[in-house]
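In what follows, a structure is listed as structure tokens, so that the remarks can point back to it.
The values are calculated or read from the model by the stated rules, or taken from the named source; none is laboratory data. This one's a predicted model, so the numbers in the text were calculated from it and none came from an experiment. Positions of Cβ are generated from backbone atoms using ideal geometry, with glycine treated the same way; all protein chains shown enter the neighbour counts.
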Amino acid sequence: MRPCAPEGGEARPGPPKPALPTDREPTLWERKLAEEPGHSQWYIDRFRRMAAEGADLVGEARLIDAMVPRGARILDAGCGPGRLGGHLHRQGHTVVGVDVDPALIEAAQADHPGPTWLVGDLAHLDLPARGVTEPFDVAVAAGNVMVFAAPSTRVEVLRRMAAHLTPTGRIVVGFHTDRDYPVPQLRRDLVEAGLTEDLLLATWDLRPYRDDSDFVVAVMSRAGGAPGSS
Ligand SMILES: C[S@@+](CC[C@H](N)C(=O)[O-])C[C@H]1O[C@@H](n2cnc3c(N)ncnc32)[C@H](O)[C@@H]1O
């Protein structure tokens, strides 16, 4: 737990509790922030500290970089403070990052200038309406994004990501399997979203997925792929 005041000190008022949205199902991340308003800043500070210490924070992005041509278009879905999209931008890709948490988008803009960083809910993703018209070669939702999405919207999140891909584009999601989103449910959801399961891994460095793996990396593509492709 993160104390609000130095030990023994007087409790200082923390940041105000953000209101939950009423026009859509709140994500589990937003529900957490409503309970724990300092969580976004804690998350930002944690990654800034690890970056300053020289930690390797881009393993997921290296896999994505290996999957796409040079100068690809990449959607960093649930981008948080931008560690992955920032790296992919520095590799020469065109990156659009979307996250529902405005504080994390602000941190991404400050720490990783270059990509287009947007506040938005993936379950309602409509980038052409926001002036982003070109489709993506890959959409990546790393770092438990699918776990933090509102459970009732997970199929729609996959569907909306798929709708923003090129015909041969792919979606990659990674999350811990001990949360409330079991892998069999992901497998049903991706089919419902019109996707094909290409590959399940247990790690971002390509260890094979097994039924007792505590993490999953799922690579999916649009069912049918490009016209004429087999
Ligand atoms: C643990 S953070 C991971 C952030 C980033 N992908 C990373 O790996 O550093 C999970 C993120 O998912 C985002 N998220 C969850 N559901 C979302 C949704 N429906 N739309 C947009 N962002 C979402 C949260 O706002 C949060 O920033």
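So here's what we get for this one:
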| item | result |
| --- | --- |
| Inter-residue pairs, beta-carbon under 6 Å, first closer than 17 Å to Pro37 by Cα and in region 99-112, second among the acidic types (Asp, Glu) and at pLDDT 95 or above, 6+ apart | Val100/Asp121; Ile105/Asp99 |
| Residue in region 47-78 that is farthest from the ligand (Cβ to nearest atom), counting only those that are surrounded by 18 or more Cβ atoms within 10 Å (Cβ to Cβ) and small (Gly, Ala, Ser) | Ala72 |
| Yes/no for Ala103 being away from the ligand (no atom under 14 Å from the Cβ), part of a helix (DSSP H, G or I) and over 23 Å from Leu206 (Cβ atoms) | no |
| Qualifying residue in region 51-65 (condition: closer than 13 Å to Leu104 by Cα, at pLDDT 95 or above and part of a helix (DSSP H, G or I)) | no |
| Of residues in region 79-97 being part of a helix (DSSP H, G or I) and out of contact with any Leu (no Cβ under 6 Å at 6 or more places or on another chain), the one surrounded by the fewest Cβ atoms within 10 Å (Cβ to Cβ) | Arg90 |
| Which numbered condition Asp189 misses (of (1) within 19 Å of the chain's Cα centre (by Cα); (2) over 25 Å from Val95 (Cβ atoms); (3) surrounded by fewer than 16 Cβ atoms within 10 Å (Cβ to Cβ); (4) of a type in the set (Asp, Glu)) | (3) |
| Residue in region 87-98 that is touching a helix residue (DSSP H, G or I) at 6+ places or on another chain (Cβ under 9 Å), near the ligand (Cβ under 7 Å from one of its atoms) and farther than 20 Å from Asp45 by Cβ present | yes |
| Any strands (runs of 3 or more DSSP E) falling wholly within region 114-230 and containing at least 2 residues that are within 16 Å of the ligand (Cβ to nearest atom) | 116-119, 136-141, 165-176, 215-222 |
| Residue selected from region 196-208 under the condition out of contact with any helix residue (DSSP H, G or I) (no Cβ under 6 Å at 6 or more places or on another chain) and touching a residue at least 24 places away in the same chain (Cβ under 8 Å), by the criterion nearest to Val172 (Cα to Cα) | Asp198 |
| Filtered residue count, region 1-50, keeping only those that are modelled with pLDDT of 95 or more and of a type in the set (Gly, Ala, Ser) | 3 |
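Okay, residues lined up against (1) farther than 22 Å from His89 by Cα; (2) under 16 Å from the mean Cα position of the chain (by Cα); (3) at pLDDT 95 or above:
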residue: Met146; (1), (2), (3): yes, yes, yes
residue: Val173; (1), (2), (3): no, yes, yes
residue: His176; (1), (2), (3): yes, yes, yes
residue: Asp212; (1), (2), (3): yes, no, yes
